[in-house]
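Q: Here it is: the structure, laid out below.
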Amino acid sequence: MIMRNRELLNRYGPSASGDYLFNGTSIFDILHNQERQAGNAPTSINDDELLNTPTDDLVDRLVAQFSIDVPVLDRAAAWVDSSEGPVAVRDYWSRGVEPGYTVLGTLLRLSVPFSGDAEAFAIQPSTIASGPPRARVVQGAIVIAYSAVELNPQQAKAELEDVIDNIEKHLGWLRQSVNPFNEKLKTVVRTAVEARKAKVLKDRNSIAALGFNLKPRPDAPKTYVAPVKRKPVGVQTVKAMAPFKPEPVLDEETYKHILKIMEGMAHVMERSPSAFETMGEEALRQHFLVQLNGQFEGAATGETFNHSGKTDILIREKDRNIFIAECKFWGGEKAFLDTITQLLGYLSWRDTKAAVVIFSQNVDFSKVLATIETAIPKHPNHKRGPVKESETRFRSVFGNPTDANREVIVTVMAFNVPK
């Protein structure tokens, strides 16, 4: 949206040159101004909002704010109004009248709807035509005027189509500059957001190092990566404000290790069908718990009460949950989406990594996998993904139902087990 260049557009836009379009500020000046303000935008965001909001969400928001949406005309939906009015006589010499003489004729106004930024019609493209098109921009449509003493429908249609063609040509020239800019903007904004976050964190940590007490902010996030025994992993600390005790979260390496253990157990089930064909969800879950407790010293439990319900598999670090999983037999798309809803309902605000394990007893396992991949984005809390990590494993990011800014990584693993 070209919302921060209105001063430039108003100064040099169509109002300065009658009804001429694309006769205002140069596209180069517009893009330079958009990029400069997009790069500075993170500095105007409240520090707590900056730290509490996921980087991807901030990037998406700022890119939407500063990118330019070049209009697209909907020629098929165009409509025309006609009326009588004074029309200047063009062949005044043959009529024996003075220039500027008018007679009663036909006035046409062709309205062509468009989608995109209306301000773009005031921007001068990098390629300049000798005769820019004339029209007015009115409430989501361009309005092209045509008049004739004696209306010739074929001639009127041809001239109006020529004006539309000329407008679309100028829009095409704008896209040649705007499309690369919009792609570049994603990198510019992400760099600016990450740099701003790093500076805010560094400043807060530096202030904390002075040794004085600070006024607490109850909404300031605190997280750290929880160490898991029997598999050494480095403890990382991310602090938004030093005086608060950090909350434990599972680091990426250990999360992948847990998924690998569960995936290995599922493969055992697939390769030894006779040993598992009579088991239900609870019995199958117990086999996962045995393997996880073998790695994490009894930290993995089943059917533990958590937040608003009971979850199938839970790994705790001290008094905090750091991993939650739900195991289900495949029951179709709706049941699958309900399982995700059920899992998210189990999560507290601090839970950030989870998994859904699907056991499929269907004959067409490929169809089940395809349904899983297409169903995930349909969930109301879905934010990004799925990323297909393997033929049967899909990773996505969801928003916590109680706080969309609190992101939850959910990996869906599907396995074909005997019926």
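Q: Would you grab the residues whose amide H sits under 5 Å from the one on Arg406? Only those 5+ places off in sequence or on another chain, please, with H modelled 1.01 Å from N.
A: For Arg406, the qualifying residues are Asn400.
Q: Let me ask something additional. Order these peptides, 323-330, 119-126, 382-389, 169-176, by their mean beta-carbon neighbour count within 10 angstrom, highest first. Please list the in-between numbers first.
A: Numbers: 323-330: 22.2, 119-126: 24.0, 382-389: 15.9, 169-176: 17.8.
In descending order of packing, they fall as 119-126, 323-330, 169-176, 382-389.
Q: A further question follows. Can you list residues whose amide H is under 5 Å from Phe22's amide H, if they're 5+ apart or on another chain and H is modeled 1.01 Å from N?
A: Result for Phe22 returns Ala122, Ile123.
Q: Any of Lys328/Lys383; Lys353/Lys383; Lys186/Lys353 with alpha carbons more than 18 Å apart? Name them for me.
A: As for pairs spanning more than 18 Å Cα to Cα, those are Lys328/Lys383; Lys186/Lys353.
Q: Continuing with this model, one more query. By average Cβ neighbour count within 10 Å, what is the ranking of 41-47, 254-260 from highest down?
A: Ranked by mean Cβ neighbours within 10 Å, highest first: 254-260, 41-47.
Q: Quick one: Karplus J couplings for the stretch 327-339, per residue in order, coefficients 6.51, -1.76, 1.60, θ = phi - 60°, nearest Hz, x for Gly and Pro?
A: Taking θ as phi minus 60°, the curve returns 10, 9, 7, 5, x, x, 4, 4, 5, 5, 5, 5, 5 Hz for the stretch 327-339.
Q: I've got another one for you. Ranking request for peptides 333-344, 75-86, 144-155: highest mean number of other beta-carbon atoms within 10 Å first, then the rest in descending order.
A: In descending order of packing, they fall as 333-344, 144-155, 75-86.
Q: Using the Cα centre of the stretch 13-85 as origin and beta-carbon charges of +1 (Lys, Arg) and -1 (Asp, Glu), tell me which of Leu62, Val72, Asn23 is placed farthest towards the positive end of the dipole.
A: Highest projection toward the positive end goes to Asn23.
Q: Give the long-range amide H neighbours of Ser147: residues separated by 5 or more places, or on another chain, with amide H under 5 Å away, using H modelled in the peptide plane at 1.01 Å from N.
A: Leu108
Q: Starting at 0 and stepping by 10 Å, how many percent of the alpha carbon pairs of the stretch 6-195 end up in each bin?
A: Taking all Cα pairs of the stretch 6-195, the binned fractions are 8, 28, 26, 19, 10, 5, 2, 0 percent.
Q: Right, another one. Per 0.36 nm of contour for each residue apart, how much would the distance between Glu35 and Lys169 grow if the chain were fully extended, relative to their Cα-Cα spacing?
A: Values: separation 134, 0.36 × 134 = 48.24 nm, distance 2.51 nm.
Fully extending the segment from Glu35 to Lys169 adds 45.7 nm.
Q: Full-extension gain between Val138 and Ser390, please, as 0.36 nm times their residue separation minus the C-alpha to C-alpha distance. Spell out each step's value before the answer.
A: Values: separation 252, 0.36 × 252 = 90.72 nm, distance 5.12 nm.
Difference between extended and current length: 85.6 nm.
Just so you know, all these numbers are worked out from the coordinates, no wet-lab data involved. These figures come from a predicted structure and were not determined experimentally. When we count neighbours, we look across all protein chains shown, and the Cβ atoms used for this are built from the backbone with ideal geometry, even at glycine.
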